[in-house]
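Have a look at the structure below before the remarks.
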Amino acid sequence: MTYSVETTLRDELEISDFDWNRTQLIEFGNYLAKIGVEKNLPLAVSILMEDVRIFQQFAEGTSEVNELWVQRKINTVRATGHSTLYVRAVMDKGTYSDLHLDNCMGELAICGGGIPIAKNGNTHAIVIVSGLPHEEDHNFIMSHFDTFRSNHGK
């Protein structure tokens, strides 16, 4: 699947449209982690709500490198208010200055796998997946969100 500024923004709106609470975010983290284990994927899954890490699981095959990527993805979403794949799409277009990131590039992840959940115009929660090729990290979140949402009546 290819990505663009438009498709990544659409994903952000789609996941933010669900009426999330702490319990549902933890259930979503467990759901993502369970699928990763069932498929024997070396996934790190982390979810923050209002800047508090409420879920985190690192499956077999993950390492301290995944820990670094998780934190960089969190930093990127916090710095931009957008998904990490959105930042990559902006960078691909050559419009880095539009991001207003100043000098924090070494602390960021310019790749997929971090998606904000907005509420009232602010980042309410952040969902992170690390361990797959970067577009697959993003797509893992979004494709399994669709199933999660349909199983939770929204």
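The values are calculated or read from the model by the stated rules, or taken from the named source; none is laboratory data. Just so it is clear, the structure is predicted and the values come from calculations on it, not from any experiment. Every residue, glycine among them, receives a Cβ derived from its backbone with ideal geometry; neighbour counts consider all protein chains shown.
Quick notes on this one:
- Restricting attention to the range 52-71, the residues being over 16 Å from residue 21 (Cβ atoms) and surrounded by fewer than 17 Cβ atoms within 10 Å (Cβ to Cβ) number 10.
- Residue in the range 31-46 that is closer than 17 Å to residue 134 by Cα, among the polar types (S, T, N, Q) and over 14 Å from the mean Cα position of the chain (by Cα) present: no
- Of the criteria (1) touching a residue at least 40 places away in the same chain (Cβ under 8 Å); (2) more than 14 Å from residue 130 (Cα to Cα), which one residue 6 fails: (1)
- Residues that are part of a helix (DSSP H, G or I) and of a type in the set (Ser, Thr, Tyr) were ranked within the range 119-153; the one that is modelled with the lowest pLDDT is 150.
- Residues being without any contact (Cβ under 8 Å) to a residue 60 or more places away in the chain and farther than 21 Å from residue 69 by Cβ - total across the range 35-55: 1
- The listed residues are 42, 116, and the only one of them that is modelled with pLDDT of 95 or more and crowded, with 21+ Cβ neighbours inside 10 Å turns out to be 116.
- Inter-residue pairs, beta-carbon under 7 Å, first at positive phi and in the range 71-96, second modelled with pLDDT under 95 and part of a helix (DSSP H, G or I), 6+ apart: none
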